[in-house]
Amino acid sequence: MKYLVGETPIGSAVFVVEGDEAVNLTAIDARIGHDLMALIADPSMAESLSAKIGGAPRVPVASIKPALPVSKPGTIICLGLNYTDHIKEGGYDIPDYPALFMRGKNSIMPAGAPLIRPACSEKLDYEAELMFIIGKGGRHISESDALDHVFGYTVFNDGSVRDYQRKTHQWTPGKNFDNTGAVGPFVVTPDEVPAGAAGLKIESRVGSEILQSSNTGNMIWSVAQTIATISEYTTLEPGDLIAMGTPPGVGHAKKPAPRWLVPGEVIDIEIEGIGICSNPVVDEKDQASTVAAE
């Protein structure tokens with residue numbers, strides 16, 4: 001299945017995507033709810049609606065304004081330093097344990113929403129990443145069982161404010177500015193991609209300018225290894241979001257000068273078989289003026 005949570009005149013709804021069209025599952029059965037949490041709790045629910053999906057009205061996917069796949073994720077955990085060439089371009093040593101950090105809910109927003117460059121910095125960077133959503137929670141999950149705990153895969157732009165990331169040994173400030181982490185718009189179930197979403201092309205672009213281009217097969221820690229590692233220290237819950245790190249080509253490492261995102265640009269993150277997360281870059285001051293005018 002390929003899902004899209006999108007806004008409607010009566011609130012957000014869950015759509016199932018078929019090519020360039022989508023069916024509103026929430027309109028068919030109110031139990032589906034307004035994000036993916038009901039399906040995460042019972043993935044078979046969508047299958048039970050298959051007969052009704054066939055004859056249901058369809059709308060163009062392009063007409064749907066995306067919302068967050070999980071409106072209130074419990075935990076958002078991110079990996080840093082998960083591609084060898086990215087580690088080298090950043091001047092780090094290759095670690096023997098993943099660099100893990102957390103994001104708060106105010107730092108994320110859906111595909112299509114403005115990616116905000118904060119008023120206090122011009123060093124807004126992009127990071128193309130695979131993200132997955134936990135379906136079945138647990139603690140001390142074995143690597144061999146880990147993929148059974150994945151509900152689906154999506155696209156993430158781990159927008160990073162680099163000067164604030166470097167202010168402390170912990171990366172929290174630079175990774176948690178409001179509206180810098182874009183999620184979505186599509187979530188594909190594991191049967192739609194290779195095991196662990198490995199071997200997929202991953203790319204970031206601004207217009208025709210390719211900023212990053214790699215493959216998820218180049219990740220040091222796989223999805224299964226990551227779940228096993230994280231669940232050693234914490235209980236994973238349904239709806240938790242986990243991001244898998246970025247490949248080389250980030251802006252701060254560009255030569256001869258860094259390549260920061262600037263207002264007016266649109267940053268696209270694409271992962272083969274999953275989709276494109278596209279967001280306009282907006283200056284915080286301009287965004288505040290727009291909101292005030294509205």
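If you take the charge dipole of the chain about its Cα centre, with +1 on Lys and Arg Cβ and -1 on Asp and Glu Cβ, which of 287, 266, 81 is farthest toward its positive end?
Farthest along the dipole direction, towards plus: 287.
Would you mind telling me which residue in 128, 27, 182 has the biggest mean-square fluctuation in a Gaussian network model of the chain, where springs connect alpha carbons within a distance under 10 angstrom?
The residue with the greatest mean-square fluctuation here is 27.
Any chance you could check the Cα centroid distance between the stretch 224-264 and the stretch 75-112 for me, in angstrom?
3 Å
When each pair of different Cα atoms in the stretch 169-214 is counted once in the 1/r mean, what is the Kirkwood radius in angstroms, to one decimal?
Hydrodynamic radius (Kirkwood, Cα only) of the stretch 169-214 equals 13.9 Å.
Working out 0.36 nm times the residue gap between residue 198 and residue 233, then minus their Cα-Cα distance, what length gain in nm do you get to one decimal?
10.1 nm
Calculate, for the stretch 76-215, the solvent-accessible area per residue in square angstrom, rolling a 1.4 angstrom probe over the heavy atoms of the protein chains.
40 Å²
Could you work out what % of the accessible surface of the stretch 100-157 is carbon and sulfur, using a 1.4 angstrom probe and leaving DNA, RNA and ligands out of the count?
Carbon with sulfur: 47 percent of the solvent-accessible area.
For residue 52 paired with residue 105, estimate the spin-label separation in nm (one decimal), with each label point 7 Å from Cα along the Cα-to-Cβ line.
Between residue 52 and residue 105, the simple spin-label model gives 2.8 nm.
Rank 269, 141, 242 by mean-square fluctuation in a GNM of the chain with C-alpha springs under 10 angstrom and give only the top-ranked residue.
The residue that fluctuates most here is 141.
Would you rank 59, 161 by solvent-accessible area, highest first, keeping every protein chain in place and using a 1.4 Å probe?
59, 161
So which residue, out of 57, 73, 280, gets the largest mean-square fluctuation from a GNM of the chain using Cα contacts under 10 Å as springs?
Most flexible of the set in this elastic network: 57.
What's the center-to-center distance, using Cα atoms, between the stretch 197-214 and the stretch 9-67 in Å?
That distance is 28 Å.
Could you tell me the ratio Rg/Rh of the stretch 131-286? Both radii from Cα atoms, Rh via Kirkwood.
Rg divided by Rh gives 0.98.
Can you give me the distance in nm between label points at residue 71 and residue 276, each placed 7 Å from the Cα along the Cα-to-Cβ direction?
It works out to 2.9 nm between the two label points.
How charged is the neighbourhood of residue 92? Take every other residue with its Cβ under 15 Å from the Cβ of residue 92, and add Lys/Arg as +1 and Asp/Glu as -1.
Taking every Cβ under 15 Å from that of residue 92, the sum is -2.
Mind checking the stretch 123-157 for chymotrypsin sites (Phe, Trp or Tyr not before Pro) that DSSP puts in a loop (not H, G, I, E or B) and that have at most 11 other Cβ atoms within 10 Å?
Loop-located and lightly packed - none at all.
Rounded to the nearest 0.05, what FRET efficiency do residue 210 and residue 62 give with R0 = 25 Å and r taken as the Cβ-Cβ distance? Could you check?
It comes out at approximately 0.60.
What is the distance, in nm, between label points placed 7 Å from the Cα along the Cα-to-Cβ direction at residue 225 and at residue 119?
4.4 nm
Between residue 41 and residue 170, what's the calculated FRET efficiency when r is the beta-carbon distance and R0 is 41 Å? Round to 0.05.
Details: r = 34 Å, r/R0 = 0.82.
The formula returns an efficiency of 0.75 here.
From the helices alone, meaning DSSP H stretches of at least four residues, give me the mean residue ellipticity at 222 nm for the chain, per-run term -39500 (n - 2.57), in deg cm²/dmol to the nearest 500. Can you show the working numbers first?
Numbers: 8 runs with 51 residues, N = 294.
Theoretical 222 nm ellipticity from helices: -4000 deg cm²/dmol.
The values are calculated or read from the model by the stated rules, or taken from the named source; none is laboratory data. All of these numbers come straight from a predicted model, not from anything done at the bench. Virtual Cβ from ideal backbone geometry, glycine too; neighbours counted across all protein chains shown. Side chains are part of the model used for accessible areas, which takes the heavy atoms of the whole protein and leaves out ligands, DNA and RNA. Shrake-Rupley method; radii C 1.70, N 1.55, O 1.52, S 1.80 Å.
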